[in-house]
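Step one of this worksheet: look at the structure below.
The values are calculated or read from the model by the stated rules, or taken from the named source; none is laboratory data. In this text the structure is predicted, and so the values were computed from the model without any measurement. FYI the Cβ positions are ideal-geometry reconstructions off the backbone, even for glycines, and counts take in every protein chain you see. Heads up: the accessible areas ignore ligands, DNA and RNA and are worked out on the full protein's heavy atoms, side chains in. Shrake-Rupley method; radii C 1.70, N 1.55, O 1.52, S 1.80 Å.
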Amino acid sequence: MAAAAETELAPEPPQAGPDDPPEVPGIVRRRLATLENWLDPYSWLVTAVIVAMAAILRLNGLTSAKGYVFDEVYYPTDAWDMLQHGVEWDEKIDGAAYVVHPPLGKWLIALGEKAFGNNELGWRFPTAIAGILMVLILIRVAYRLFHSIVLAGAAGMLLTLDGFQLVLSRTSLLDIFLGLFVLMTFAALLLDRDHYRRRLLRGLEQGRTPRIVPWWLLVAGAVLGLACGVKWSALFFLPFFAALSIDWRVQARRSAGTPRPLLAGLARDLGWGLLSVVLTLVFYLATWAGWFMTGTGYFRHYREANGMSEPPVLGALLNLMHYHHEAYSFHSGLTSRHPYQSWPWQWLLLGRPVNLYWPAASGCGAPSCVRQILLLGTPLLWWSFLPALAALVWFGIARRDWRAGAIGTGVAAGLLPWFYYAVADGRTMFAFYALPALPFLVLAVVYVLGAIMTPPEGIAEGAARTDRQLIGTVVAGAYVLLVALCFAWFHPVFVGQLIPYEDWSSRMWLGSRWI
């Protein structure tokens, strides 16, 4: 009776009033869910360990290759001249030099030369730091994509153990900076996606339309401007990333139950996107600060020298436009043959790696010795890319997984435009042009490893491991171990280690294509 009385006297739960916001359905919450525990200490511990490994591999023996390696004859010398004159300089004519790449990458090299001098450490230290940062950012991107410490660690390990990224991290070329800024742009877009979804969910909980300022989208635009300040090929990513960002917003509004999700926020999407592109242009122009401020850069006063009016600001911009036109004409007409040039359809097959360093060598204890730095991806990893891309498309369609589309977009932006230029212009190309696509190719492999490890519906929290998960984990672990062994086998030709000719020859798996 007492229990019955207590039941009768128990207060009823409060009823929602007419002004109270509606309850958000659980399925909407799940669809708008984002990574909340990004500060998980175990994820950062894994990140720190792998980044430390990457740092050791990239910094140890950084100065062992003496003198300039491949195109180091250009960029470190330009960087040193920029420290003295503010722009690239030609000592033969004691005037500005004509160069065809924007200045930011050379300014970053100049930071190392300012700190350590005009020597191998000075001009290679910045690229090594850029390579290490790429590993760090890729781990965090993978963790945000997959919500898995294991898969995030696998992504970091695979990039750490890739010879292609290792060699470019230890050589003072521009492409490692380009790859870093492109990856940073994608990371900012990923953060923008999560921010947009969290704000939408909060608006649903409060029963009002949220005002969303996409700060990370603006950051992405600014960083892409820095990428363009290294090499113009960063522009390839602009339309792909723009379409990806708009698609993410439309899908978020669809998940939130917004009527007509495409049209509902398209004007705002385009407006903020346009502002992001404006920031791309502003930050790109900022990388030319030395050219603007010194007045001695190449074509700096082209209009004045040719009898045309040159207003203070507009004239400088018009002169820069002329400079860009001339540089683009140079790139478009660059079709001269080079022994180590290659075509985009060869890159993922390692059809023609680039010999960066081959000095006279002796003292290895054998009749003939070799010291070589070969720009070659770790073969087992790179030969996994094409099967992984095919599986990525399959799983992405079968599971309707946005992550597959995001990864595929990065790969397409980094590779497909080069196919066009190869067919249309037949211009001279090299394998290192593929570097900005590399993180996305690694993510494709990791995505497939994750698909093998987990069922389509994912893993319920607290659920016991299935046989499939156990087998998938073993397969993924074995794959990463095999990549590590392959990397160790080729490590001597990644870092220019002195070895007998026979040992070197045994590593040339594709014979004359690698020589």
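The set of residues in region 477-515 being of a type in the set (Gly, Ala, Ser) and either farther than 10 Å from residue 378 by Cα or open to solvent by 70 Å² or more (accessible area, probe 1.4 Å) (or both) consists of 477, 478, 496, 505, 506, 511, 512. Here is the figure for region 316-347: residues that are open to solvent by less than 20 Å² (accessible area, probe 1.4 Å), touching a Leu at 6+ places or on another chain (Cβ under 9 Å) and more than 28 Å from residue 375 (Cβ to Cβ) total 1.
For region 470-509, filtered to residues that are out of contact with any Cys (no Cβ under 7 Å at 6 or more places or on another chain) and aromatic (Phe, Trp, Tyr), the residue that is nearest to residue 366 (Cα to Cα) is 504. Out of 106, 114, report the one residue that is in contact (Cβ under 8 Å) with a residue 12 or more places away in the chain and either surrounded by fewer than 18 Cβ atoms within 10 Å (Cβ to Cβ) or touching a Cys at 6+ places or on another chain (Cβ under 8 Å) (or both). Being in contact (Cβ under 8 Å) with a residue 12 or more places away in the chain and either surrounded by fewer than 18 Cβ atoms within 10 Å (Cβ to Cβ) or touching a Cys at 6+ places or on another chain (Cβ under 8 Å) (or both) holds for just one of 106, 114, which is 114. Would you confirm, using the coordinates I've provided, whether residue 27 is aliphatic (A, V, I, L, M), in a helix (DSSP H, G or I) and surrounded by fewer than 12 Cβ atoms within 10 Å (Cβ to Cβ)? Yes, satisfied.
Once region 234-289 is narrowed to residues that are modelled with pLDDT under 95 and polar (S, T, N, Q), the residue that is surrounded by the most Cβ atoms within 10 Å (Cβ to Cβ) is 255. The condition of being open to solvent by less than 100 Å² (accessible area, probe 1.4 Å) and either under 31 Å from the mean Cα position of the chain (by Cα) or modelled with pLDDT under 75 (or both) holds for only one of 22, 11, 18, that being 22. Quick one: would you say residue 124 is basic (Lys, Arg), closer than 18 Å to residue 61 by Cβ, open to solvent by less than 20 Å² (accessible area, probe 1.4 Å) and in contact (Cβ under 8 Å) with a residue 60 or more places away in the chain? When the stated conditions are applied, residue 124 passes them. Do we find a residue being among the aliphatic types (A, V, I, L, M) and at pLDDT 95 or above anywhere in region 38-45? Yes; the residues of region 38-45 include at least one that is among the aliphatic types (A, V, I, L, M) and at pLDDT 95 or above. Taking the condition more than 25 Å from residue 288 (Cα to Cα) and buried (at least 20 other Cβ atoms within 10 Å of the Cβ), does residue 174 pass? No; evaluated as a whole, the condition is false for this residue. Per the listing 177, 164, the residue uniquely within 28 Å of residue 479 (Cβ to Cβ) and in contact with a Gly (Cβ under 8 Å, 6 or more places away or on another chain) is 164.
Tallying residues that are more than 14 Å from residue 171 (Cα to Cα), in a helix (DSSP H, G or I), of a type in the set (A, V, I, L, M) and open to solvent by 20 Å² or more (accessible area, probe 1.4 Å) within region 65-97 yields 1. Residues that are of a type in the set (Ser, Thr, Tyr) and within 20 Å of residue 107 (Cβ to Cβ) within region 287-328 comprise 287, 294, 296, 298, 323, listed in sequence order.
Residues considered: 350, 386, 381. Of these, the only one that is in contact (Cβ under 8 Å) with a residue 24 or more places away in the chain, farther than 21 Å from residue 229 by Cβ and surrounded by fewer than 19 Cβ atoms within 10 Å (Cβ to Cβ) is 386.
Scanning region 202-230 for residues that are open to solvent by less than 50 Å² (accessible area, probe 1.4 Å), touching a helix residue (DSSP H, G or I) at 6+ places or on another chain (Cβ under 7 Å) and not in a loop (DSSP other than H, G, I, E, B) turns up 217, 218, 220, 221, 222, 223, 224, 225, 226, 227, 228.
Only one of the listed residues (136, 159) is closer than 16 Å to residue 47 by Cα and surrounded by fewer than 21 Cβ atoms within 10 Å (Cβ to Cβ). That residue is 136. Residue-level check: of (1) touching a His at 6+ places or on another chain (Cβ under 6 Å); (2) under 21 Å from residue 412 (Cβ atoms), residue 216 misses just (2).
Each residue in region 49-64 was checked for being over 27 Å from residue 117 (Cβ atoms) and open to solvent by 60 Å² or more (accessible area, probe 1.4 Å), and 2 of them qualify. Beta carbons closer than 7 Å, at least 6 apart along the sequence or on distinct chains, pair a first residue in region 396-422 that is under 17 Å from residue 178 (Cα atoms) with a second that is of a type in the set (Ser, Thr, Tyr) and open to solvent by less than 60 Å² (accessible area, probe 1.4 Å) for 418/433. Among the candidates 416, 441, the residue that is modelled with pLDDT of 95 or more, exposed (fewer than 15 other Cβ atoms within 10 Å of the Cβ) and either of a type outside the set (A, V, I, L, M, F, W, C) or within 30 Å of residue 355 (Cα to Cα) (or both) is uniquely 416.
Quick one: in region 357-378, which of the residues that are open to solvent by less than 30 Å² (accessible area, probe 1.4 Å) and among the polar types (S, T, N, Q) is farthest from residue 246 (Cα to Cα)? Looking at the filtered set, the residue picked out is 372.
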